[in-house]
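> Could you have a look at this structure, given as structure tokens, before my questions?
Where a number appears in this text, it was derived from the coordinates with a stated rule and is not lab data. Every value quoted in this text rests on a predicted model; they were computed, and no experiment measured them. Ideal geometry is used to build each Cβ from the backbone, glycine not excepted, and the neighbour counts take in all protein chains shown.
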Amino acid sequence: MAGADGTAAGVSGDGDLRARLARRIREAGPISLAEYMEAALWDKQYGYYAMHAPIGAAGDFITAPEVSQVFGELIGLWCADLWRKMGAPGTVLVCELGPGNGTLMKDFLRAARVAPEFRRAIRLHLVERSPALRALQQKTLAEATPVWHERLDQLPPGPLLLVANEFLDALPIRQFERRKDGWHERRIGIDAQGDLAFVSDPAPAEAPLPDWPAGSIVELCPEALMLARSLAARLKQQGGAALFVDYGYFPGAPGDSFQAVSRHRRFDPLKEPGSADLTAHVDFATFAQAAAKAGARVWGPAAQGDFLTALGLAERAKRLAAGKTTPESQAIAAACRRLIEPAQMGSLFKALALTHPALPAPAGFGS
Ligand code: SAH
């Protein structure tokens with residue numbers, strides 16, 4: 001799509017951001033990976049999400065709700081069930097973090113019509129930083145009169161059902177590498193050719209880090225941990241539940257999982273800041289620990305394939321295919337396989353739920 005100034009995204013603007021970062025590094029020294037991600041994704045002029053609406057077959061990457069409508073529908077029914085388990089409050093905040101094109105929530109709300117009292121109770125809140133994506137969400141979800149926020153802590157009080165698909169992977173991370181003399185932060189500096197390049201901070205890392213052998217890399221996502229803590233505290237105080245679906249590790253922690261994707265392909269993440277989506281794998285164990293310590297009950301993570309299968313993906317797909325032509329029903333079946341097969345999205349992607357400690361098990365997480 002065209003940038004705010006009319007230039008094509010990914011052409012003239014990206015070089016300017018790289019030049020600006022290079023100048024900043026020359027003046028003030030290497031920057032952390034988190035500072036780099038913040039600039040590359042959110043720079044007001046050249047940031048990836050400031051300029052692009054990247055999600056879908058014609059964009060840079062595809063997500064589960066864009067693969068099949070069944071994904072958002074099942075999550076809507078999952079929330080309807082939890083709403084009943086919460087005692088069917090007359091109003092409930094339904095909040096999505098990073099709704100992208102708005103597809104998940106559109107499918108969620110359509111499915112919620114099977115429970116009209118739940119549908120009537122919903123007050124829709126969206127947490128979205130990207131102006132380009134807010135504009136798309138406005139079109140897709142206008143009927144549900146959403147209220148937008150920059151951050152989760154701007155939500156009004158009340159019982160909450162929160163969903164977030166591929167949100168945590170977009171939060172800025174810091175990386176540390178273990179050398180013989182201990183942990184050092186991996187920062188971004190400038191190499192002999194004048195290109196952005198990883199450098200190791202000569203000073204020892206101040207953060208407490210695990211006792212791993214030399215050569216290891218560890219990632220920290222401070223924003224994800226702050227989110228886990230504040231959301232857990234809120235759920236404990238005001239009631240409700242949250243569902244996070246993302247790609248990541250459990251158990252164990254990632255090594256170097258920092259990656260860039262553009263036009264459905266891996267891309268050098270330091271090459272053209274602002275032109276590609278930057279992400280890291282989610283460290284589910286650390287996220288879950290932070291939420292549990294702050295008072296939420298943690299469920300899972302479950303592999304996405306197991307979770308969706310337990311929610312009735314096969315039946316829903318069959319019903320959707322009823323009366324369709326053979327090619328149409330084959331496409332529905334193929335999309336559903338893509339969501340659940342381990343070699344595709346079924347096992348790298350995981351679902352993790354947080355609930356008020358008194359709620360019974362949410363659907364899909366056993367007992
Ligand atoms: N959930 C959607 C989109 C995933 S892409 C889907 O599954 O298709 C990540 C989304 O999170 C985008 O909408 C992006 O703009 C938003 N986002 C990323 N970091 C954010 C932040 N710190 N605050 C608010 N929104 C953010």
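> In Å and from the alpha-carbon atoms only, list the Rg and Dmax of segment 317-367.
15.7, 46
> Then there's this: Of the beta bridges DSSP finds with both residues in the chain, what % are antiparallel, to the nearest 5?
Roughly 60 percent of the DSSP beta bridges within the chain come out antiparallel.
> Summing Lys, Arg as +1 and Asp, Glu as -1, what charge do residues with Cβ under 14 Å from the Cβ of Tyr249 carry, Tyr249 excluded?
On the way: positive: Lys350; negative: Asp169, Glu219, Asp246, Asp256, Asp283.
That sum, taken over residues with Cβ under 14 Å, equals -4.
> Dividing the alpha-carbon Rg of segment 120-176 by 2.2 N^0.38 Å yields what? Write out the running numbers ahead of the final one.
Details: Rg = 13.3 Å, N = 57, 2.2 N^0.38 = 10.2 Å.
Rg over 2.2 N^0.38 Å, computed on Cα atoms: 1.30.
> What number comes out for the charge environment of Ala111, summing +1 per Lys or Arg and -1 per Asp or Glu over other residues with Cβ under 12 Å away?
Working: positive: Lys106, Arg110, Arg113, Arg119, Arg316, Arg319; negative: Glu73, Asp81, Asp107.
Once all neighbours under 12 Å are counted, the net charge is +3.
> Please give the length that would be gained between Ser230 and Arg23 if that part of the chain were fully extended, namely 0.36 nm times their separation in residues minus their C-alpha to C-alpha distance (nm, one decimal). Write out the running numbers ahead of the final one.
Working: separation 207, 0.36 × 207 = 74.52 nm, distance 3.61 nm.
The span from Ser230 to Arg23 would gain 70.9 nm if fully extended.
> Under the √(5λ) rule applied to the eigenvalues of the Cα gyration tensor, what semi-axes describe the equivalent ellipsoid of segment 230-297? Give them in Å, descending. List each step's numbers first, then the result.
Working: eigenvalues 195, 38, 18 Å².
So the equivalent ellipsoid measures 31, 14, 9 Å along its semi-axes.
> Once you have all Cα-Cα distances for the chain, histogram them in 10 Å bins from zero and send the whole-percent values.
Histogram of Cα-Cα distances, whole percents per bin: 5, 23, 32, 25, 12, 3, 0.
> Just how far, in whole angstrom, is segment 78-92 from segment 20-48 if you go by their alpha carbon centroids?
Here the two parts' Cα centres lie 43 Å apart.
> So what is the calculated 222 nm ellipticity per residue for the chain, using -39500 (n - 2.57) for each DSSP H run with n of 4 or more, over all residues, to the nearest 500 deg cm²/dmol? Write out the running numbers ahead of the final one.
Working: 13 runs with 137 residues, N = 367.
The helix-only estimate for the chain comes to -11000 deg cm²/dmol at 222 nm.
> Compute the length gained on full extension between Asp153 and Ala203: take 0.36 nm times their separation in residues and subtract their Cα-Cα distance, giving the result in nm to one decimal. Intermediate results must be reported in sequence, preceding the final value.
Values: separation 50, 0.36 × 50 = 18.00 nm, distance 3.44 nm.
That pair, Asp153 and Ala203, stretches by 14.6 nm at full extension.
> Across bins of 5 angstrom width beginning at 0, how are the C-alpha pair distances of segment 49-112 distributed, in whole percent?
Percent of pairs per bin, in order: 4, 17, 24, 21, 14, 10, 5, 4, 1.
> Gly98: net charge of surrounding residues, Cβ under 10 Å, Lys/Arg +1, Asp/Glu -1, itself excluded? List each step's numbers first, then the result.
Values: positive: Arg129; negative: Glu96, Glu128, Glu166, Asp169.
Result for the neighbourhood of Gly98: -3.
> Which percent of Cα-Cα pairs in segment 263-367 sits in each 10 Å bin, short to long?
So the P(r) values, bin by bin, are 13, 29, 28, 23, 7, 0.
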